[in-house]
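Visitor: Dropping the structure in here first, questions after.
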Amino acid sequence: MSLRMRPSDIAFVQGLEAMQSWDTRGEDGRIKRCHFCPNCGTRIMHGSDDADETVSIKAGTLDDTSGLRPRAHIWLKSAQPWVAIERGQYACYDAEPDDSILDEEAQNLESRHV
């Protein structure tokens, strides 16, 4: 599970100074920076260095995930056949959609749950 967030909405409580990174090239040809814990190797987040683009935080690295709720299923083209996907409940994408599409889906989902 990953959380798409704006960099300005993220506040690290500890460990930011120890975090290391490596770069890879995404399917779209752009550079993706992957941040990880140098002690255990766990990936913490990835994204670009562009402050206007969302980054992907790995939900398993958070202390409290009780307030998290799914909004979409992404990268379904590589989903394992044994994974049960609730296609009617959430937006579904075979690949990563543009941020504006996910933002619109999130607003639609919030308006249905108000």
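The values are calculated or read from the model by the stated rules, or taken from the named source; none is laboratory data. None of these values were measured; they are calculated from a predicted model. Backbone-built Cβ (ideal geometry, glycine too); neighbour counts: all protein chains shown.
Visitor: Restricting attention to region 6-22, which residues are closer than 14 Å to I44 by Cα and out of contact with any Phe, Trp or Tyr (no Cβ under 8 Å at 6 or more places or on another chain)? Quick ask: steps written out before the conclusion?
Guide: Of region 6-22, the ones closer than 14 Å to I44 by Cα are 7, 10-22.
Answer for region 6-22, where residues must be closer than 14 Å to I44 by Cα and out of contact with any Phe, Trp or Tyr (no Cβ under 8 Å at 6 or more places or on another chain): P7, I10, A11, F12, V13, Q14, G15, L16, E17, A18.
Visitor: Among L16, L102, which is modelled with pLDDT under 90 and assigned by TED's automatic domain parsing to the domain that holds L3?
Guide: Details: L102 fails: assigned by TED's automatic domain parsing to the domain that holds L3.
Answer to the check: L16.
Visitor: Continuing with this model, one more query. Enumerate the pairs (first residue in region 46-63 and at pLDDT 85 or above; second residue anywhere and assigned to a helix (DSSP H, G or I) and surrounded by 14 or more Cβ atoms within 10 Å (Cβ to Cβ)) with beta-carbon separation below 7 Å, excluding pairs fewer than 6 apart on the same chain, so at least 6 apart or on different chains.
Guide: V55/P7
Visitor: Now for a different question. I'd like to check which strands (runs of 3 or more DSSP E) are fully inside region 1-64 and have at least 1 residues that are among the charged types (D, E, K, R) and within 27 Å of E104 (Cα to Cα). Full working, then the answer.
Guide: Values: elements: 2-5, 20-25, 31-36, 43-47, 55-58.
The strands (runs of 3 or more DSSP E) meeting that bar are 2-5, 20-25, 31-36, 55-58.
Visitor: Further, regarding this structure: Here are some residues: L3, L76. Which one is touching a helix residue (DSSP H, G or I) at 6+ places or on another chain (Cβ under 6 Å) and either modelled with pLDDT of 80 or more or of a type in the set (S, T, N, Q) (or both)?
Guide: None of the others qualify; the one that does is L3.
Visitor: So the check is Cβ under 6 Å with 6+ separation or different chains; which pairs have a first residue in region 77-102 that's in contact (Cβ under 8 Å) with a residue 12 or more places away in the chain and a second one that's β-branched (V, I, T)?
Guide: Y93/I74; E96/I74; D99/T54
Visitor: Kindly indicate whether any position in region 1-13 is without any contact (Cβ under 8 Å) to a residue 40 or more places away in the chain, surrounded by 13 or more Cβ atoms within 10 Å (Cβ to Cβ) and in contact with a strand residue (DSSP E or B) (Cβ under 8 Å, 6 or more places away or on another chain).
Guide: No, region 1-13 contains no residue that is without any contact (Cβ under 8 Å) to a residue 40 or more places away in the chain, surrounded by 13 or more Cβ atoms within 10 Å (Cβ to Cβ) and in contact with a strand residue (DSSP E or B) (Cβ under 8 Å, 6 or more places away or on another chain).
Visitor: OK, next. Quick check on region 66-80. Is at least one of its residues over 15 Å from the mean Cα position of the chain (by Cα), surrounded by 11 or more Cβ atoms within 10 Å (Cβ to Cβ), within 19 Å of Y93 (Cα to Cα) and not assigned by TED's automatic domain parsing to the domain that holds L16? Outline the logic, then answer.
Guide: First, the residues of region 66-80 that are over 15 Å from the mean Cα position of the chain (by Cα): 66-67, 77-80.
So of that shortlist, the ones also surrounded by 11 or more Cβ atoms within 10 Å (Cβ to Cβ) come out as 79.
Keeping just the survivors that are within 19 Å of Y93 (Cα to Cα) gives 79.
From what is left, the residues that are not assigned by TED's automatic domain parsing to the domain that holds L16 are 79.
Yes - at least one qualifying residue is present in region 66-80.
Visitor: For region 25-68, how many residues are β-branched (V, I, T) and over 23 Å from L102 (Cα atoms)? Please lay out each step first, then the result.
Guide: Quick first cut of region 25-68, residues β-branched (V, I, T) only: 31, 42, 44, 54-55, 57, 61, 65.
Now drop any that are not over 23 Å from L102 (Cα atoms), which leaves 42.
Result for region 25-68: 1.
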